[in-house]
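Reading through the structure tokens given below for one structure.
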Amino acid sequence: MPPDARILIVDDHKDTLYALENALAPLGRPLGRATSGDEALKQLLRGPVGLVLLDVHMPGTGGLEVVRYMRRLEQTQHIPVVLLTGFARDRQLGGAAYALGVADLVTKPVDPWALRTKVRHLYDTHQRHLALEREIRTLRARIEEHTAGPGRPALPHPHARVPPGQPAGAHTGELERDRT
């Protein structure tokens with residue numbers, strides 16, 4: 001995920017979109033907007049999104065349906081989602097949201113400072129997680145490249161036992177090959 005991944009704000013009320021954009025603008029991250037669940041899904045599939053701020057109750061495809069769809073797709077399944085609701089929180093909604101892996105459920109009207117803090121933390125944590133995954137893939141590729149060369153022995157298994165008194169690598173025959 002590139003560092004310019006957008007925060008996607010989804011709400012069917014344009015005045016709410018405007019208020020949320022103003023609340024998140026100080027973060028300095030690119031913001032995207034969608035006015036329906038279907039539009040949000042299209043944007044999620046088009047480009048890099050680092051977090052979704054999503055209204056639960058929208059005409060057509062609602063917030064929970066969007067999250068269900070996101071969790072089924074590899075490219076969107078780990079994107080953090082904060083659900084927004086204008087209704088009082090209830091256990092059923094909270095249970096359904098958290099069962100889908102939603103990061104948080106926030107009641108409108110939102111406190112801009114609290115929302116910014118929450119979004120900054122979730123966005124940055126997700127970006128660090130993705131960077132670590134990229135680094136792991138790079139290191140694994142380098143290890144495979146290093147060990148797959150012609151005549152090169154594979155690395156010993158990390159749990160392989162080395163008999164007492166022998167240097168590491170002796171049990172795999174590495175020392176004899178290195179001396180020749």
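The values are calculated or read from the model by the stated rules, or taken from the named source; none is laboratory data. Remember, predicted model here, so these are calculated numbers, not experimental data. Neighbour counts run over all protein chains shown; Cβ positions are idealised from the backbone, glycine included. Side chains included, ligands, DNA and RNA excluded: accessible areas come from the protein's heavy atoms. Shrake-Rupley method; radii C 1.70, N 1.55, O 1.52, S 1.80 Å.
Within a Cβ distance under 12 Å of Pro48, other residues only, what is the Lys/Arg minus Asp/Glu net charge? Before the final figure, lay out the partial values.
On the way: positive: Arg6, Arg29, Arg46; negative: Asp4.
That works out to +2.
With contacts taken as Cα pairs under 8 Å at a separation of at least 6 residues, the stretch 1-148 carries a relative contact order of 23 percent. With the simple spin-label model, which puts each label point 7 Å out from Cα in the Cβ direction, the Leu139 to Ala25 separation comes to 4.2 nm.
Between the beta carbons of Asp15 and Leu132, assuming R0 = 35 Å, the FRET efficiency works out to 0.35 to the nearest 0.05.
Decide, for the stretch 1-149, between rounded, prolate and oblate: order the square roots of the alpha carbon gyration tensor eigenvalues as a ≥ b ≥ c, take rounded if a/c falls under 1.5, and otherwise choose prolate if a/b is larger than b/c, else oblate. In terms of gyration-tensor shape, prolate. Stretched out straight at 0.36 nm per residue, the stretch from His78 to Asp90 would grow longer than its current Cα-Cα span by 1.8 nm. Taking only protein heavy atoms and a 1.4 Å probe, the accessible area of the stretch 10-101 is 51% carbon and sulfur.
Under a straight-distance cross-link criterion of Cα-Cα below 24 Å, which lysines are reachable from Lys42, leaving out those fewer than 8 residues away in the same chain? The reachable lysines, counting only those whose Cα sits under 24 Å from Lys42, are Lys14.
Summing +1 for each Lys or Arg and -1 for each Asp or Glu among the other residues whose beta-carbon sits under 12 angstrom from that of Tyr69 gives +2. Protein heavy-atom accessible surface, 1.4 Å probe, per residue over the stretch 1-153: 57 Å².
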